[in-house]
Amino acid sequence: MVVYVRKRRRPVSEINVVPYIDVMLVLLIIFMVTAPLVTQGVKVDLPKAEAEPLKEDTKPPLIASVDAEGKYYLNVGDTQKDPLSAEDLAVLVAKHLQKEPDTPVVVKGDGNVPYNNVVQLMVLLQRAGAPSVGLMTDMPEA
């Protein structure tokens, strides 16, 4: 009579990370392909000027844009590419500033737009509750 003694196997306590690496690489490729396609705001030709950039520890700013045709845009929600009326822009900015009052507000004006349109946008933003309004520029080429 032969008796077989079965040895108990201990469970393996290692995590197989190969599937996680595969998922990470697929996500990396997806983000690398889609990142250039995601642009924020409206295409405007900013005036060139030397200025201090925003500090990195501040919240992302609200960017109100005015293009060469004098149309207003705001970088909030799904309406970034749709022109807004002055009243709609003021309402959106006021609502956003009520939720987050310390959000910086910046004007992104096309270099070819009349100065009056930029000033009118700044006044509109201040009436909507923006404590201060900054101007966005491009760095001049050396």
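Count neighbours as other Cβ atoms within 10 Å of each site's Cβ, and list the GluC sites (Glu not before Pro) in segment 62-142 that are DSSP loop with at most 10 such neighbours.
Here the sparse-neighbourhood loop sites are Glu69, Glu141.
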Can you list the HN-Hα couplings for segment 117-122, worked out from phi with the Karplus curve (6.51, -1.76, 1.60; θ = phi - 60°), rounded to whole Hz and with x for Gly and Pro?
-> 5, 5, 5, 4, 5, 5
Please work out the ratio of the alpha-carbon Rg of segment 62-135 to 2.2 N^0.38 Å and round it to two decimals.
-> 0.99
So the FRET efficiency between Met24 and Lys99, C-beta based with R0 = 35 Å and rounded to 0.05, is 0.55
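Going by how many other Cβ atoms sit within 10 Å of their own, how do Tyr115, Tyr4 line up, fewest first? Walk me through the numbers on the way to the answer.
On the way: Tyr115 8, Tyr4 4.
Ascending number of Cβ neighbours within 10 Å: Tyr4, Tyr115.
Since every read-out is calculated from the coordinates, none of them should be taken as a lab result. This is a predicted model, so every value here is computed, not measured. Quick reminder, even Gly has a Cβ in these numbers, built from the backbone with ideal geometry, and neighbours come from all protein chains shown.
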